[in-house]
Amino acid sequence: MAQVPPHSQYHWNHGSGRFFEGWYYRVTLPEINQSFAFMYAIDDPQGNTPFSGGSVQVLGIDDRHIWRTLPNTQDFRADRDRLWLEHWGLDSGYEASDRHNQGKINDPATGKSCSWDYEIESIETWGDRVRPSATMGWLSYLSVFEPGWQILLARGWASGSINWCGENYKFDRAPTYIEKNWGRSFPQQWFWLQCNAFLECEDLSITCAGGIREVLGNLTNVAMVGIHHDGEFYNFMPENSDIHCDISAWGEWRMQAINDLAQVQAIGTTADSGTKIMVPTATGLKFCCLDTAKGTIRLSLRTRSGKKLAIASSNNAALEVGGKFWHQPWRFRSAKL
């Protein structure tokens with residue numbers, strides 16, 4: 001039986017300083033080229049600070065956005081041994097785990113609403129199927145990196161239903177994804193792309209990310225690419241790979257990485273303008289992140305010698321930039337850790 005992925009548990013240690021933890025669940029419906037992303041967060045769970053409270057956000061049909069705050073931190077609960085959390089308010093809230101995600105959200109200002117209830121079947125978490133690994137390696141257990149980040153489900157199936165503004169969407173074995181982050185400091189700038197809905201390769205998932213991170217008190221540009229394909233895990237990390245990034249302010253994400261075993265090129269694009277999403281900052285949740293779940297990705301995965309492993313594309317990619325928005329292309333070679 002597969003083990004529980006590292007960092008599945010709730011990380012707050014009852015301290016009094018700044019702290020946040022956030023979770024991201026997504027269901028993709030390739031047949032209609034739509035996705036639903038559910039984002040949950042808790043800020044300063046000790047309560048009684050200017051930033052204390054929770055939130056629930058949904059990015060739904062055509063990247064439209066619904067969000068509500070859940071101000072009472074005493075109503076938030078999470079497990080310290082496994083992935084399970086819940087937070088309910090008067091008319092909005094959620095309960096989520098590695099096997100189930102349900103909730104509802106109502107925005108009286110716009111009249112928009114969404115409710116969801118679906119079961120989750122895990123296929124691949126992070127690492128190989130039997131022994132999941134920490135996304136950022138063993139140093140992630142020592143609080144060397146801030147914030148922490150973990151892919152909890154790179155590829156799985158979701159079965160259930162989502163009601164979006166009165167329209168009901170039922171699905172069986174739809175691609176699904178889960179990740180989380182947590183910490184006491186907040187990234188200044190980052191990008192991210194993810195896709196696990198490739199028509200040519202059902203057993204393919206890719207996650208790419210990069211940003212300005214604090215490592216042992218120093219700021220540095222780092223990036224990574226992780227791919228699950230045909231039962232194998234290809235991990236391009238700063239410590240084992242040469243990684244190059246060319247990220248536009250919005251619209252194009254280009255990454256190349258090579259290590260002793262394999263090489264990858266991933267290009268994400270979108271012509272849409274994106275949707276602003278709230279993310280944790282040093283001064284609480286702010287709209288300083290731009291997302292789409294309707295991006296295009298082209299992926300080429302080969303051995304080090306050039307033998308083809310996977311050539312695939314999808315128009316169901318999630319693409320993101322965030323933090324300090326930039327106006328010129330952000331080009332860098334990932335620092336070694």
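The values are calculated or read from the model by the stated rules, or taken from the named source; none is laboratory data. On a predicted model such as this, the values are computed, not experimentally measured, just so you know. Neighbour counts are summed over all protein chains in view; Cβ atoms, including those assigned to glycine, are modelled from backbone coordinates with ideal geometry. Surface accessibility is based on the protein's heavy atoms, side chains included, excluding ligands, DNA and RNA. Shrake-Rupley method; radii C 1.70, N 1.55, O 1.52, S 1.80 Å.
A few comments on the model shown:
- Some residue of segment 66-82 being assigned to a strand (DSSP E or B) and within 18 Å of residue 9 (Cβ to Cβ): yes
- A single entry from 11, 87, 65 fulfils the requirement of being open to solvent by less than 20 Å² (accessible area, probe 1.4 Å) and at pLDDT 95 or above: 87.
- Considering residues of segment 68-83 that are open to solvent by less than 30 Å² (accessible area, probe 1.4 Å) and in contact with a Gly (Cβ under 9 Å, 6 or more places away or on another chain) only, the residue nearest to residue 125 (Cα to Cα): 76
Here's the yes/no breakdown for (1) farther than 23 Å from residue 154 by Cα; (2) loosely packed, with under 15 Cβ neighbours inside 10 Å; (3) over 20 Å from the mean Cα position of the chain (by Cα):
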{"position": "270", "(1), (2), (3)": "no, no, no"}
{"position": "281", "(1), (2), (3)": "yes, no, no"}
{"position": "285", "(1), (2), (3)": "yes, no, no"}
{"position": "301", "(1), (2), (3)": "no, no, yes"}
{"position": "308", "(1), (2), (3)": "no, yes, yes"}
{"position": "313", "(1), (2), (3)": "no, no, no"}
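- Segment 45-56 residues that are more than 17 Å from residue 85 (Cα to Cα), paired with ones that are open to solvent by 50 Å² or more (accessible area, probe 1.4 Å) (beta carbon under 7 Å, 6 or more apart): 47/74; 51/283
- Test result for residue 205, in a strand (DSSP E or B) and small (Gly, Ala, Ser): yes
- Only one of 290, 285 that is of a type outside the set (Lys, Arg), more than 26 Å from residue 229 (Cα to Cα) and modelled with pLDDT of 95 or more: 290
- Selection count, segment 313-331, where residues are assigned to a strand (DSSP E or B) and farther than 30 Å from residue 31 by Cβ: 3
- Residue among 116, 157, 149 that is outside any loop (DSSP other than H, G, I, E, B) and either of a type in the set (Lys, Arg) or within 15 Å of the chain's Cα centre (by Cα) (or both): 149
- Residue in segment 170-185 that is more than 24 Å from residue 36 (Cα to Cα), part of a loop (DSSP other than H, G, I, E, B), in contact with a Pro (Cβ under 8 Å, 6 or more places away or on another chain) and open to solvent by less than 40 Å² (accessible area, probe 1.4 Å) present: yes
- Those residues of segment 14-46 which are open to solvent by 10 Å² or more (accessible area, probe 1.4 Å) and either assigned to a loop (DSSP other than H, G, I, E, B) or out of contact with any strand residue (DSSP E or B) (no Cβ under 7 Å at 6 or more places or on another chain) (or both), in sequence order: 14, 15, 16, 17, 18, 31, 32, 33, 34, 45, 46
- Cβ-Cβ distances below 6 Å connect the following pairs, each with a first residue in segment 221-234 that is closer than 27 Å to residue 331 by Cβ and in contact (Cβ under 8 Å) with a residue 24 or more places away in the chain, a second residue that is open to solvent by less than 40 Å² (accessible area, probe 1.4 Å) and not in a strand (DSSP E or B), and a separation of six or more residues or different chains: 221/335; 222/238; 222/334; 222/335; 223/334; 224/237.
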